[in-house]
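Undergrad: Provided herewith is a single structure, encoded as structure tokens, for subsequent inquiry.
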Amino acid sequence: MSIVHIAGGGIAGLVASIVFARRGWRVTVHERSPALRANGNGFPIFENGLRVLEALGLGDRVETSGHRLERWRIYRSSGEQATEYKPFDATGGRIVMFHRQALVDLLVGAAKASGVTIAPGSRVVSAEAEGAILLENGSRHEADLVVGADGIRSAVRRAVMGDLPLGEHRKGALRLLIPIEPGDFPDSNTRVGREFNDPSGRRIGLLPCSPTLMYMILVNLLSDPEAGRQPVDVELWSATFPMLRRYFERIGNGGHYDVYHSIFPPAWHAGRCALIGDAAHGMTPALGQGANTAMMTAYALSASVSAGASQQDELREWERRLRPLVDFTQKYAEGITAGRLDPNNEIFFSDPGLRRLLEANIPAEFGAAAA
């Protein structure tokens, strides 16, 4: 039986684990945390990510675990609505908001049902290109394939490619979940995503993950450090977005702040090691495509790579087919973050290249191995 060890029990690692296991591999997922717990925030899953979930046989759980949006509205800081999109018109597909933990739980259930061994509290500290991982406890495990799904600061990537510089960007963001209260949606329709943008670079996203829970993101320029302080300065943010004070007052000490980073490694694979998700293509969150592209690359890898003599050719082909589209997405997101594209944050997925990404039927291209 072919053996794969996966570093990282996040979205990418879990998707890959399910497909490998269903193809007959012996799969172990090493998660450094003591439990598979996600930060308390949410994200939008677009058509490209939803098709992967459907290919995993989880399509019937999308509506119960996620929250489909019917509208996406963008406002100026004055409260004036700049534009409104319907998901299909703007992106060519659906937008479903997920509480991050809800998606992790959905994938964990599918992984365990497929026979995946999940090892919490198992920290991968290094890897060997010949096909082995090294754990913090000193143990070494050989494999037909090692998959680095261990994030933007990947230990697997560092071990097989050296210390690559991370792209540093001009923004950071506080992310959190807040309860939905009466009056938050005057028409009682919680299936509306809302963004509010100010010329100062401050930006607010209010995106319902369920009828009772909302994902909130507060974005600021790093040159505006007062806006990035915790606890959130309610008066500062309310002065910029007075109509949103009710939401700022709910934050308290909650949330997790991150500075934006990205990575463009020279390759996504080295020897018998492959990189997926943020380890391979971490990007700024301007397009909400981090998790979606992670699922795409993870599914494509696990559905198309074998343990045999053809593995190197298969890895090259996997990267050749996926990387141009993902590189384009990274650079587009970076352009928005840098203010070169859409300086007012008033466009959506209007570029034809982005439509190609969102409409890409990756599972169909790589067979039905996950069915």
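Undergrad: Considering only residues that are acidic (D, E) and not in a loop (DSSP other than H, G, I, E, B), look in region 56-99 and name the one that is farthest from R245 (Cα to Cα).
TA: D60
Undergrad: A further question follows. Answer with yes or no whether G271 is surrounded by fewer than 22 Cβ atoms within 10 Å (Cβ to Cβ) and under 30 Å from A129 (Cβ atoms).
TA: Judged against the criteria, G271 is a match.
Undergrad: Under 6 Å between Cβ atoms, at least 6 apart or on separate chains: pull out the pairs that start in region 208-222 with a residue that is assigned to a strand (DSSP E or B) and end on any residue that is hydroxyl-bearing (S, T, Y).
TA: Every condition considered, the pairs that remain are P208/T190.
Undergrad: Looking at V19, V27, V15, which is the one that is buried (at least 24 other Cβ atoms within 10 Å of the Cβ), under 15 Å from the mean Cα position of the chain (by Cα) and aliphatic (A, V, I, L, M)?
TA: Of the residues listed, the single one that is buried (at least 24 other Cβ atoms within 10 Å of the Cβ), under 15 Å from the mean Cα position of the chain (by Cα) and aliphatic (A, V, I, L, M) is V15.
Undergrad: Using beta carbons and a limit of 8 Å, which pairs, at least six apart or on different chains, have the first residue in region 322-349 and over 13 Å from L287 (Cβ atoms) and the second one surrounded by fewer than 15 Cβ atoms within 10 Å (Cβ to Cβ) and modelled with pLDDT of 90 or more?
TA: Pairs that qualify, where the first residue is over 13 Å from L287 (Cβ atoms) and the partner is surrounded by fewer than 15 Cβ atoms within 10 Å (Cβ to Cβ) and modelled with pLDDT of 90 or more, are N344/P199.
Undergrad: Pull out all pairs, ordered by first then second residue, where Cβ-Cβ is under 9 Å, the residues are six or more apart or on different chains, the first lies in region 231-255 and is in a helix (DSSP H, G or I), and the second is polar (S, T, N, Q).
TA: T240/S77; T240/S200; P242/S77; M243/S77; M243/S78; L244/S238; R245/S238; F248/S238
Undergrad: Could you tell me whether any residue of region 323-340 is in contact with a helix residue (DSSP H, G or I) (Cβ under 6 Å, 6 or more places away or on another chain), closer than 21 Å to H5 by Cα and of a type outside the set (D, E, K, R)?
TA: Looking through region 323-340, none of the residues is in contact with a helix residue (DSSP H, G or I) (Cβ under 6 Å, 6 or more places away or on another chain), closer than 21 Å to H5 by Cα and of a type outside the set (D, E, K, R).
The values are calculated or read from the model by the stated rules, or taken from the named source; none is laboratory data. What you see is a predicted model, and the numbers here were worked out from it, not measured in a lab. Here Cβ is always computed from backbone atoms with ideal geometry, including for glycine, and neighbour counts include all displayed protein chains.
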